[in-house]
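The values are calculated or read from the model by the stated rules, or taken from the named source; none is laboratory data. All of these numbers come straight from a predicted model, not from anything done at the bench. Here Cβ is always computed from backbone atoms with ideal geometry, including for glycine, and neighbour counts include all displayed protein chains.
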Amino acid sequence: MGLASFNRMRRLQAEKENEEKPLKKVVRKMQKKIKTLLGINDSLQDEVLQIIIDNVSSHLRALLGKDVPEKLNFIVEEISIRRFNRLGTEGMRSESVDGHNITFYDLKDEFVPYESIIAEHKDPPEKPGRGKVIFV
């Protein structure tokens, strides 16, 4: 590997790290808010929370068709809390213990309350344009 290639590789790596810093800061802030709402005061659940946040963010990103805008982080936070509270009962529809009944929502419906908000933030579909044909 030549010196020019090495320098280019270092520059690209530094650019990538600089792009990730603001994202990591947002995720740490989100994780802190979630831990506060759940009453978690230690770091024992950080890895589990991070996986949940990543999964919910990926799901929302797929629904939006783009990166999640910061103003929609509340959706990630609220759904992450629900998912965390459901750990251990993922497949259950309801639970009844000593007269106390709990009915769980279906995981496929967790974004339903936010559908109108998500729809507002989706990019409009691209209109098909006129094409060009070249005969050779």
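Quick notes on this one:
- Residue selected from the stretch 73-95 under the condition out of contact with any strand residue (DSSP E or B) (no Cβ under 8 Å at 6 or more places or on another chain) and of a type in the set (D, E, K, R), by the criterion nearest to V27 (Cα to Cα): E77
- Residues that are more than 13 Å from the chain's Cα centre (by Cα), modelled with pLDDT of 85 or more and surrounded by fewer than 11 Cβ atoms within 10 Å (Cβ to Cβ) within the stretch 62-98 comprise L87, D98, listed in sequence order.
- Looking only at the stretch 99-136, and only at residues there that are over 21 Å from the mean Cα position of the chain (by Cα) and of a type in the set (S, T, N, Q), the one that is nearest to F74 (Cα to Cα): T103
- Candidates E90, E115, E126, E95 - the one that is at negative phi, part of a helix (DSSP H, G or I) and without any contact (Cβ under 8 Å) to a residue 60 or more places away in the chain: E115
- Residues of the stretch 114-128 classified as surrounded by 10 or more Cβ atoms within 10 Å (Cβ to Cβ) and either at pLDDT below 80 or touching an Asp or Glu at 6+ places or on another chain (Cβ under 9 Å) (or both), total: 1
- When F74, F84 are checked against the criterion of being in contact (Cβ under 8 Å) with a residue 12 or more places away in the chain, assigned to a helix (DSSP H, G or I), closer than 17 Å to K35 by Cα and out of contact with any Asp or Glu (no Cβ under 7 Å at 6 or more places or on another chain), a single residue qualifies: F84.
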